[in-house]
Amino acid sequence: MERVRLEAITWERLGDSLADWLLDLKPHDGSSWPRVAFDGAPAARPGDLAQQVADVLRARGRAALVVGTEGFLRPASLRFEYGREDVDAYYGGWFDTGALWREVFGPLDPGGTGRVLPDLWDAVADRATRSPYVKLPPGGILLLHGPLLLGRWFPFDLTVHLRLSAGALRRRTPENEHWMLPAFERYESEVDPGAAADVLVRADDPRHPAWNG
């Protein structure tokens, strides 16, 4: 990880550069919809970068749909079955991967409908969101953001990982969420997302990112 050469960049230039890359991105499996991951702990705010890239893409005439995995949490009865601060449950059981496959990735398979459900579950109210489906036109790009996305066999065509050092992750994570930190340590050990991702963004200093582009 530490041997990866990173270059300083502004967030604005980073968003523009990633959008340029995505305009030429072709799905590996012949799908009509490129699928992109923005992976990172909540403290790294991967959704902000995903939204920024989507805005640039739309300004350039390309449809883009931003989906966050926080909209695909399992019901509280399943997430908290072993307690509200169970690290193993958070790592492997909080997110409804089956629903993501069914409602997000399945419709974007080759020959799919492009009809994607942008979210399924309201974790605060602990009930279904009842959001309408969104039709992503052929050539439109899915930008999925959230933590612990890599190593799950999702059919991404490009992956971006926002990395925080252990110290930065602890500093930028609210104290009442520090119980989650061992899950990210395990993720680093088992998946090594910085090496697995196509694009690595170091986000320790939120004002001065760096990347391997």
**Q.** Selected residue [more than 21 Å from Tyr133 (Cβ to Cβ), surrounded by fewer than 23 Cβ atoms within 10 Å (Cβ to Cβ) and touching a Pro at 6+ places or on another chain (Cβ under 8 Å)] from Asp29, Asp55
**A.** Asp29
Q: May I ask you to list the residues in region 49-69 that are touching a helix residue (DSSP H, G or I) at 6+ places or on another chain (Cβ under 8 Å) and of a type outside the set (Gly, Ala, Ser)?
A: Leu49, Gln52, Val53, Asp55, Val56, Leu57, Arg60, Arg62, Leu65, Val66, Val67, Thr69
Q.
Quick test of your reading of the structure: Val4 fulfils all but one of (1) assigned to a helix (DSSP H, G or I); (2) β-branched (Val, Ile, Thr); (3) farther than 20 Å from Ala128 by Cβ. Name the failing condition by number.
A. (1)
(Q) Going by what's in this entry, would Leu149 be described as modelled with pLDDT of 95 or more and in contact with a strand residue (DSSP E or B) (Cβ under 7 Å, 6 or more places away or on another chain)? (A) yes
Q) If you go through region 165-197, how many residues are in contact with a Lys or Arg (Cβ under 7 Å, 6 or more places away or on another chain) and touching a residue at least 40 places away in the same chain (Cβ under 8 Å)? A) 1
Q: Assess whether Pro138 counts as being under 23 Å from Arg58 (Cα atoms), in a loop (DSSP other than H, G, I, E, B), open to solvent by 50 Å² or more (accessible area, probe 1.4 Å) and not β-branched (Val, Ile, Thr).
A: yes
Q. For Pro118, are the conditions met, namely being modelled with pLDDT of 95 or more, more than 19 Å from the chain's Cα centre (by Cα) and either outside any helix (DSSP H, G or I) or charged (D, E, K, R) (or both)?
A. no
Q: Find the residue count for region 167-206, including only residues that are out of contact with any strand residue (DSSP E or B) (no Cβ under 6 Å at 6 or more places or on another chain), surrounded by 19 or more Cβ atoms within 10 Å (Cβ to Cβ) and in a helix (DSSP H, G or I).
A: 5
Q) Only one residue in Arg58, Arg74 is under 16 Å from Leu143 (Cα atoms) and among the basic types (Lys, Arg), so which one is that? A) Arg58
Q.
Regarding region 92-108, can at least one residue be identified that is touching a residue at least 40 places away in the same chain (Cβ under 8 Å) and in a loop (DSSP other than H, G, I, E, B)?
A. no
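The values are calculated or read from the model by the stated rules, or taken from the named source; none is laboratory data. Keep in mind the model is a prediction, meaning the values are calculated, not measured. Cβ atoms come from the backbone with ideal geometry, glycine included; neighbour counts cover every protein chain shown. Heavy atoms of the whole protein, side chains included, go into the accessibility calculation; ligands, DNA and RNA do not. Shrake-Rupley method; radii C 1.70, N 1.55, O 1.52, S 1.80 Å.
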